[in-house]
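**Student:** Below is the structure I would like to discuss, written out as structure tokens.
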Amino acid sequence: MPNKSAPKQNALLSCAFAVLLAFVSGVPASAAPPSQQDPASVQDPANAEARTDVNVLMRQLTDRDALTRQRAAEDLARLATPAQRKLVEGYRLQEKNARVRLALDWALYRMGKTTALFAVVRDLDSNRRNQSEAYLAELETPEPLYGLLPQVNGNTQVLLLEALARNGNADTLPIVEPYASSADPKIADAARFATREITLRLNAPQSPDTKTRTRQVGKATAPLP
């Protein structure tokens, strides 16, 4: 016996499908998942400009995200605007995050507070070593580091001598050579290594494509560019 309700059910299903199709077709492109959106619409075209806007960067120093504050401090360091120094000093006093404090110390040094470089060097002997080394590598000359060598502890001296091995010049040699006679074998080894690396670089400058050299420290190795 034929089902008299079947035509009605089919009509209802067809109507529901039409409504669903109309809804899906009307979804705006902006509602698509980020992976399917146009990359140009995801990227902020004003981001590069914002990184050079001192006012924007100063506001970002109060952002809740620590990484945003760190990047803002690093951008301020790159801009090196002395007019913001007092405000940055205030943010440095209030900052709780160690990585952000280090970035602010670097910014303050770049803004003219020479004593802030000591804090950057001191953090070589911490879990922020890579961050500190990256900042020190941006120094135009290694000369500001010379006077800090006698002021830091032995382990930091070793790391600072290794930093000087990477970016030292002819004037660095008489600074590091006396440490080769240190009673601490690690310091003496680091000083000899710095002297050797600087001398090799002066006699035969390495190209940017030169492979990383490695200094043997006991069983461990310390890679140096």
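Just so you know, all these numbers are worked out from the coordinates, no wet-lab data involved. Just so we're clear, the structure is a prediction, and the values are computed from it rather than from any experiment.
**Student:** Full extension from ALA183 to LEU139: what is 0.36 nm times the residue separation minus their Cα-Cα distance, to one decimal in nm?
**Tutor:** Net length gain for the segment: 12.9 nm.
**Student:** Cα to Cα, under 15 Å, and not fewer than 8 places away if on the same chain: which aspartates and glutamates meet these conditions relative to LYS86?
**Tutor:** The qualifying aspartates and glutamates are GLU95, ASP105.
**Student:** Pulled fully out, how much extra length does the chain show between ASN55 and ASN153, if you take 0.36 nm times their separation in residues and subtract their Cα-Cα distance?
**Tutor:** Result for the pair: 31.5 nm of gain on full extension.
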